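Report on one structure; see the data block that follows.
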Amino acid sequence: MKQRKKAVFNWSGGKDSALALQKVLQEDVFDVVSLLTTINEETLTSSIHSIPVEMLKRQADSIGIPLYTVLFAKNLANYDDKMRETVNHFKKQGVTHFIFGDIFLADIKAYRESKLNPLGIEVVEPLWNKSPAEIMDDFIRSGIKSKIIVTQADKLDQTFIGKDLDQNTISLFPADIDICGENGEYHTLSYVGSLFKREISFSISQVNKISYDINLDNGQTQTFEYWQAEIIT
């Protein structure tokens, strides 16, 4: 029997992570020893999807793979040091690969490789270079259910928060967005499907409008606004 390679799966809690992890587990090439999620140390929610730590733990428990969380400063000033510590932690367990659920953003993949390859970790992208239509078709057929919990305000309004990502919801998307939300148009939370041993219940108490100031390469600052669900586990 061929020995499986030890890997860590970088878990966002959303649809692409769930789809990529299900694919990895079905193919059985990797021994996924842990899920890994980066956490904002101020809010104790995931860095991108803003999912509470308790919800992430419930997802991991239902999947049956332990969750390892890494707390980062809001401005990510300690990112490199924290990731180096994290990689060293897992290399002691024989981990050689980090798996992600990216689809087609080449700069993101290159960034991950630039940070991890020098540390002796190979980056794996199970969904890489599939078209958004292919990914969405795979997701719908996977049986995984995910709700929209964050939208970019100028792309999708607050009425999309709390909707299941299904064919009906997709049909309501404007023509100018990526249907997988790969450009940040929306983020989801996965809660049931064959990946999970049991459904994870949660509710949305309210929807908040938040904004972030992003420093651009040209020296200017641009403000991005989002609708964000406040999740109760």
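The rows are residues; the columns are (1) aliphatic (A, V, I, L, M); (2) surrounded by fewer than 15 Cβ atoms within 10 Å (Cβ to Cβ); (3) within 12 Å of Ser34 (Cα to Cα).
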| residue | (1), (2), (3) |
| --- | --- |
| Pro66 | no, yes, yes |
| Asn78 | no, yes, no |
| Met83 | yes, no, no |
| Asn88 | no, yes, no |
| Ile99 | yes, no, yes |
| Asp107 | no, yes, no |
Could you list, in sequence order, the residues of segment 66-103 that are of a type outside the set (S, T, N, Q) and in a strand (DSSP E or B)? Leu67, Tyr68, Val70, Leu71, Phe72, His97, Phe98, Ile99
So the check is Cβ under 9 Å with 6+ separation or different chains; which pairs have a first residue in segment 54-65 that's outside any helix (DSSP H, G or I) and at pLDDT 95 or above and a second one that's surrounded by fewer than 18 Cβ atoms within 10 Å (Cβ to Cβ) and of a type outside the set (A, V, I, L, M)? Gly64/Lys197
Among the candidates Ser17, Ser34, single out the residue that is crowded, with 18+ Cβ neighbours inside 10 Å, modelled with pLDDT of 95 or more, in a helix (DSSP H, G or I) and polar (S, T, N, Q). Ser17
Residue count for segment 182-233, restricted to those that are within 16 Å of Ala18 (Cα to Cα) and either part of a loop (DSSP other than H, G, I, E, B) or of a type in the set (A, V, I, L, M) (or both): 11
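Could you tell me which residue of segment 127-146 is nearest to Ser62 (Cα to Cα), considering only residues that are free of Cβ contacts under 8 Å to residues at least 60 places away in the same chain and charged (D, E, K, R)? Quick ask: steps written out before the conclusion?
Going through segment 127-146, the residues free of Cβ contacts under 8 Å to residues at least 60 places away in the same chain turn out to be 128-134, 136-137, 140-141, 143, 145.
In the following step, the residues that additionally are charged (D, E, K, R) were identified as 130, 134, 137, 141, 145.
Values: Lys130: 28, Glu134: 27, Asp137: 24, Arg141: 20, Lys145: 14 Å.
Among them, the one singled out is Lys145.
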When you check Asn208 against the structure, is it at negative phi, surrounded by fewer than 10 Cβ atoms within 10 Å (Cβ to Cβ), free of Cβ contacts under 8 Å to residues at least 40 places away in the same chain and not small (Gly, Ala, Ser), yes or no? no
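Taking segment 171-189, which residues are of a type in the set (S, T, N, Q) and surrounded by fewer than 24 Cβ atoms within 10 Å (Cβ to Cβ)? Spell out the reasoning first.
Here is the first cut: in segment 171-189, the residues of a type in the set (S, T, N, Q) are 171, 183, 188.
Result: Ser171, Asn183.
Please verify whether Leu165 is within 23 Å of Glu134 (Cβ to Cβ), touching a residue at least 60 places away in the same chain (Cβ under 8 Å) and not small (Gly, Ala, Ser), treating the condition exactly as stated. Let's see the steps before the verdict.
Numbers: within 23 Å of Glu134 (Cβ to Cβ): yes; touching a residue at least 60 places away in the same chain (Cβ under 8 Å): yes; not small (Gly, Ala, Ser): yes.
Spelling it out, Leu165 is indeed within 23 Å of Glu134 (Cβ to Cβ), touching a residue at least 60 places away in the same chain (Cβ under 8 Å) and not small (Gly, Ala, Ser).
Can we say Arg112 is within 24 Å of Ser190 (Cβ to Cβ) and in contact with a strand residue (DSSP E or B) (Cβ under 7 Å, 6 or more places away or on another chain)?
Details: within 24 Å of Ser190 (Cβ to Cβ): yes; in contact with a strand residue (DSSP E or B) (Cβ under 7 Å, 6 or more places away or on another chain): yes.
It is true that Arg112 is within 24 Å of Ser190 (Cβ to Cβ) and in contact with a strand residue (DSSP E or B) (Cβ under 7 Å, 6 or more places away or on another chain).
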Taking segment 115-139 as the search range and keeping residues that are of a type in the set (A, V, I, L, M, F, W, C) and over 30 Å from Phe173 (Cβ atoms), which one is farthest from the chain's Cα centre (by Cα)? Leu119
Quick test for you: out of Lys155, Lys197, pick the one residue that is surrounded by 13 or more Cβ atoms within 10 Å (Cβ to Cβ) and among the basic types (Lys, Arg). Lys155
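The values are calculated or read from the model by the stated rules, or taken from the named source; none is laboratory data. All values reported here derive from a predicted model rather than from experimental measurement. Heads up, the Cβs are rebuilt from the backbone with ideal geometry, glycines too, and the neighbour counts pull from every protein chain shown.
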